[in-house]
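What follows is a single structure, written as structure tokens, with notes after it.
Computed from the coordinates by the stated procedures, all read-outs in this text should not be read as laboratory data. Computed from a predicted structure; not experimentally measured. For neighbour counting, all protein chains shown are included, and Cβ atoms are generated from backbone atoms with ideal geometry for every residue, glycine included.
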Amino acid sequence: MVAGDSQRRDFALPVPDPERSFWTATDMTQDALSQKATGFNCMSGRREPEPALTRYFLPDKPYLDANCDQGVRFELIFPSCWNGRDLDSADHRSHVQYPHLVNTGSCPPDYPVRPPSLYYETIWATSGYSSIDGSFVIANGDTTGYGYHGDFMSGWEEQFL
């Protein structure tokens, strides 16, 4: 199962994202939900905590240096609605979908099974580099964060589970 898109380099929806209670049908397409399933949470002891999954891009280094004294948390949630038939699909995506509010809400009718939600958080201590010029680059060469993604593969023996 795959979350995110390593090739994405933009966010095709309005910024800032409206509150979820104001989302339209466009905000709840699977493509839109996939884009909203990544987040970059600025961590700071000097300001109010930021809510998860609300910034869909990696802030640039000057912003991180000035505002994120405790680093940045990369956030990624995987689809949590399954079609109930296929354990995988050719694109590793089409057998699962997001609920209508990304990490909560109703599943699409053809995806009635709710497996456990997978929510990955990775904290990067970017503040340790505040005195160094440059920029942060994700391993796939992305400086925007829009291409942040993850893959999940189960290695558990089914009988053990």
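List of remarks:
- Estimated from the Cβ-Cβ distance and a Förster radius of 25 angstrom, the FRET efficiency linking D86 and R9 is about 0.25.
- Read-out percent of Cα pairs over 25 Å apart, derived from the coordinates shown; its label in (i) 36; (ii) 30; (iii) 44: (i)
- Between C81 and Q97, the built amide H atoms are under 5 Å apart, and every one of these is 5 or more places off in sequence or on another chain.
- With a Förster radius of 30 Å applied to the beta-carbon distance between Q70 and E157, the computed FRET efficiency rounds to 0.15.
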